[in-house]
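Worksheet for the structure shown next.
The values are calculated or read from the model by the stated rules, or taken from the named source; none is laboratory data. These numbers come from a predicted model, not from an experiment. All Cβ positions, even for glycine, are placed from backbone atoms using ideal geometry, and neighbour counts span all protein chains on display. SASA here: full protein model, heavy atoms, side chains in, ligands and nucleic acids out. Shrake-Rupley method; radii C 1.70, N 1.55, O 1.52, S 1.80 Å.
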Amino acid sequence: MKKMGFVIGLLIGIPLFIILINFLFFRGNNPSEKEVNSYISHSKKK
C-alpha cells in the first residue's frame with residue numbers, strides 16, 4: 001500500500017511542481033504593443 005501512495009504522489013506531485021515552477025519563473029512580463037514596436041525599431045538600426 002505504501003508503494004501505491006508513493007506512485008500516486010509522484011504522478012500528482014511532480015506535474016504540480018513543474019507547473020508551479022513554470023508559473024513563477026517563465027511567465028514573462030507582458031509587454032505592450034508600443035514597447036514591442038520600439039524594441040523592433042531599435043534592433044533594426046545597426
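Of all residues in region 25-42, those satisfying the criterion of being open to solvent by less than 90 Å² (accessible area, probe 1.4 Å) and either among the charged types (D, E, K, R) or assigned to a helix (DSSP H, G or I) (or both) are Val36, Asn37, Ser38, Ile40, Ser41. Restricting attention to region 1-24, the residues that are surrounded by 10 or more Cβ atoms within 10 Å (Cβ to Cβ) and not in a helix (DSSP H, G or I) add up to 0. For region 1-33, a tally of residues being of a type in the set (Lys, Arg) and more than 24 Å from the chain's Cα centre (by Cα) returns 2.
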